[in-house]
Ligand code: F6R
């Protein structure tokens, strides 16, 4: 049932191209428009939205962080992301024109469920992004968009994360479309890129041998740092979370621009720093800034593991280890850049002789607050 893989996690990582394709299936018209008939909120309800909150935990929260960039960019509606466990205790400002989106693989996470109940009490509209049909969170929500990732068995979330991103992109594009913020051809252009991600991911998954070798090298590191900017920042947090939960190693993710405000002191001779580099497409300003952050950590002795777009030859000089990923538009890049980090964490844990699918102290579904 592991389909020839040693762990469910590796199988689920390999399933990601199909999981994305399934999540897109039936949600795009021939003209490249988004059809979300299952979202039981009327177009008028969605036109009235003046604020979006995304609430989730753990990896699902990281999907929400990525979604904020896409939703605000495409719809121009203010969007906040919050940890579900913090949300209701700070008395957030919610009303009928607030859309609260929960993201949960299991649909049973108690923190997320309690946040949703709080939002409903305050009369906000609640939309669930969920991977588990008929689970509690979608049942209690006004609307649901299911991710069609299929069952996820490994405790660490992988394909659920990528399909959550896809669902968030669909919602963002749908909102932009019905509110007339994006022209049909602009939506269609993004949709076309989304549709090509499964093939790009298959190519990427075929090039991961080097990451396995790297994992064997890193298995004794005392800490691993991850840096990224813009959507690469939540990817850095996700890479660090995966490594903590699977390999029981100290790992931390930072916004690359924050390094100089403190964390750069952590860099010592040989400290591994995984750097998520934005695409050089467009003006490439963000990419250049991250490259200078890489130079800064390297000058202080860091061993740099650089995840960058194929063809970005300029980064090679600063990379002790370069992991190229297929080119994707900036907002969609986490669909690519996350994958080597999932494999790295999985392979480091395996190299340390740990139970990859069932890390200690963790449960697949967290039904306590
Ligand atoms: C990490 C992981 C957890 C979950 C979190 C939320 O790999 O799996 O951080 O993402 O417990 O779970 P769901 O998405 O089921 O609400």
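A few remarks follow.
- Each part reduced to its alpha carbon centroid, segment 165-210 and segment 41-61 end up 19 Å apart.
- Nearest-ten-degree value, helix 334-351 long axis tilted from longest Cα axis of the chain: 50 degrees
- Each peptide in 258-268, 132-142 gets a packing score, the mean of other Cβ atoms within 10 Å over its residues, and the list from highest to lowest is 132-142, 258-268.
- At R0 = 22 Å, FRET efficiency that the Cβ-Cβ distance of residue 192 and residue 73 yields, to 0.05: 0.80
- Cα-derived Rg to Rh of segment 312-369, Kirkwood definition: 1.12
- Stokes-Einstein diffusion coefficient of the chain, Kirkwood radius over Cα pairs, 25 °C, 0.890 mPa s, in µm²/s: 118 µm²/s
- On Cα atoms only, tilt of 159-178 relative to the major axis of the chain in degrees: 50 degrees
- Distance between segment 333-368 and segment 137-151 - C-alpha centres, whole angstrom: 23 Å
- Extending 7 Å from the Cα toward the beta-carbon at both residue 97 and residue 281 defines two label points whose distance is 3.4 nm.
- Considering all C-alpha pairs of segment 57-138, those separated by over 15 Å amount to 55%.
- Mean residue ellipticity at 222 nm, helices only, the chain: -13500 deg cm²/dmol; runs of at least 4 DSSP H residues each add -39,500 (n - 2.57), and the sum is divided by the number of residues.
- Sorting 349-360, 60-71, 113-124 by average packing, meaning the other beta carbons within 10 Å per residue, from highest down gives 60-71, 113-124, 349-360.
- Degrees separating the helix 58-75 axis from the principal Cα axis of the chain, which is the longest one: 60 degrees
- Contact order for segment 75-211, expressed relative to its length and based on alpha carbon pairs under 8 Å spaced 6+ residues apart, stands at 19 percent.
- The label-point distance for residue 1 and residue 212, in a model that sets each label 7 Å from Cα toward Cβ, rounds to 2.5 nm.
- Ratio Rg/Rh [Cα only; Rh per Kirkwood] for segment 194-271: 1.03
- Remark: C-alpha extents of segment 142-231 on the principal axes read 53, 29, 25 Å, sorted largest to smallest.
Laboratory data are not the source of any read-out in this text; all were calculated from the coordinates shown. Note that the structure is a prediction, hence the values are computed from the model and not measured. We place every Cβ from the backbone using ideal geometry, glycine too, and count neighbours over all the protein chains shown.
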